[in-house]
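Asker: Here it is: the structure, laid out below.
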Amino acid sequence: MFDATTILAYKGKNKAVIGGDGQVTFGSTVLKGNATKIRSLYNGKILAGFAGSTADAFNLFEMFESFLEDKKGDILKSVIEFSKAWRKDKVLRRLEAMMIVLNTEHIFILTGNGDVVEPEDGEIASIGSGGNYAIAAARALKRHASLDEEELVKESLKIAAELCIYTNHNIKTLILDGNTN
């Protein structure tokens, strides 16, 4: 992992939610506190989050969305083709960056090494500096609290922000409702 941000995604029974903090750092300096590192793609049917350089995020989001368009929104086919292209590109594969993409059926972590990882539980994934704190909090809250999907993501990110200096409390979320197509 690298010093970046915290992104947490949860594919629950009723909703798919992704959340991220707003802190942008350069070394040990906070440059911005209200950045948006999550995005809705493919006409609002796919959610994505990014940990890494902001300029790289825009390029990778656009690149992934072009694969979604080409594959008519099939997230599984898109992540495989995207990871191949990311890995083969000499410039992009050197990025210290990761993405989470999800819909109401699948959740994946993507890297420039060509990794396409579906979490073991198929429900919760995190990336970035505070990712381990956020996923630990999410797993505990899922077991021991009665929170809906968005509340679980927000509370987990708040916990991560209390522990990780590269994560702040300016949390944003995006939601896909599992009851709509």
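Asker: Can you pull out the residues in the stretch 127-176 that are small (Gly, Ala, Ser), within 23 Å of residue 115 (Cβ to Cβ) and outside any helix (DSSP H, G or I)?
Answerer: Listed by number, the residues that qualify are 128, 129, 130.
Asker: Read through the list (1) crowded, with 21+ Cβ neighbours inside 10 Å; (2) polar (S, T, N, Q); (3) within 15 Å of the chain's Cα centre (by Cα), then give the number of the only condition that residue 168 fails.
Answerer: (3)
Asker: Same structure, new question: From the list 75, 107, 171, 175, pick out the single residue that is farther than 27 Å from residue 23 by Cβ, touching a strand residue (DSSP E or B) at 6+ places or on another chain (Cβ under 8 Å) and of a type in the set (A, V, I, L, M).
Answerer: Working: 107 fails: farther than 27 Å from residue 23 by Cβ; 171 fails: farther than 27 Å from residue 23 by Cβ; 175 fails: farther than 27 Å from residue 23 by Cβ.
One residue alone meets the criteria, 75.
Asker: As an exercise: evaluate residue 71 against (1) touching a His at 6+ places or on another chain (Cβ under 9 Å); (2) surrounded by fewer than 21 Cβ atoms within 10 Å (Cβ to Cβ) and give the number of the one condition it does not meet.
Answerer: It fails just one condition, (1).
Asker: Looking at 6, 29, can you tell me which residue is of a type in the set (Val, Ile, Thr) and out of contact with any Cys (no Cβ under 9 Å at 6 or more places or on another chain)? First the steps, then the outcome.
Answerer: On the way: 6 fails: out of contact with any Cys (no Cβ under 9 Å at 6 or more places or on another chain).
Criteria check complete, one pass: 29.
Asker: Okay, moving on. Taking the stretch 24-45 as the search range and keeping residues that are hydrophobic (A, V, I, L, M, F, W, C) and in contact with a strand residue (DSSP E or B) (Cβ under 6 Å, 6 or more places away or on another chain), which one is surrounded by the most Cβ atoms within 10 Å (Cβ to Cβ)?
Answerer: Restricting attention to the stretch 24-45, the residues satisfying the condition of being hydrophobic (A, V, I, L, M, F, W, C) are 24, 26, 30-31, 35, 38, 41.
Narrowing the set further to residues that are in contact with a strand residue (DSSP E or B) (Cβ under 6 Å, 6 or more places away or on another chain) leaves 24, 31, 35, 38, 41.
Numbers: 24: 19, 31: 11, 35: 17, 38: 23, 41: 21.
Filtering first and then ranking leaves 38.
Asker: Please determine, by comparing only the residues of the stretch 87-107 that are touching a residue at least 24 places away in the same chain (Cβ under 8 Å) and farther than 17 Å from residue 173 by Cα, which one is surrounded by the fewest Cβ atoms within 10 Å (Cβ to Cβ). Outline the logic, then answer.
Answerer: Taking the stretch 87-107 first, the residues touching a residue at least 24 places away in the same chain (Cβ under 8 Å) are 87, 92, 95-107.
Still in the running and farther than 17 Å from residue 173 by Cα: 87, 92, 95-98, 105-106.
On the way: 87: 14, 92: 16, 95: 18, 96: 14, 97: 22, 98: 27, 105: 12, 106: 16.
Result: 105.
Asker: May I ask you to list pairs of residues, at least six apart or on different chains, whose Cβ atoms are under 7 Å apart, with the first in the stretch 124-144 being in contact (Cβ under 8 Å) with a residue 40 or more places away in the chain and the second being charged (D, E, K, R) and assigned to a helix (DSSP H, G or I)?
Answerer: 124/139
Taken together, the values in this text are just the output of simple stated rules run on the coordinates, not laboratory data. Not measured: the values here are computed from a predicted model. Glycine also receives a Cβ, built like all others from the backbone with ideal geometry; neighbour counts cover every protein chain displayed.
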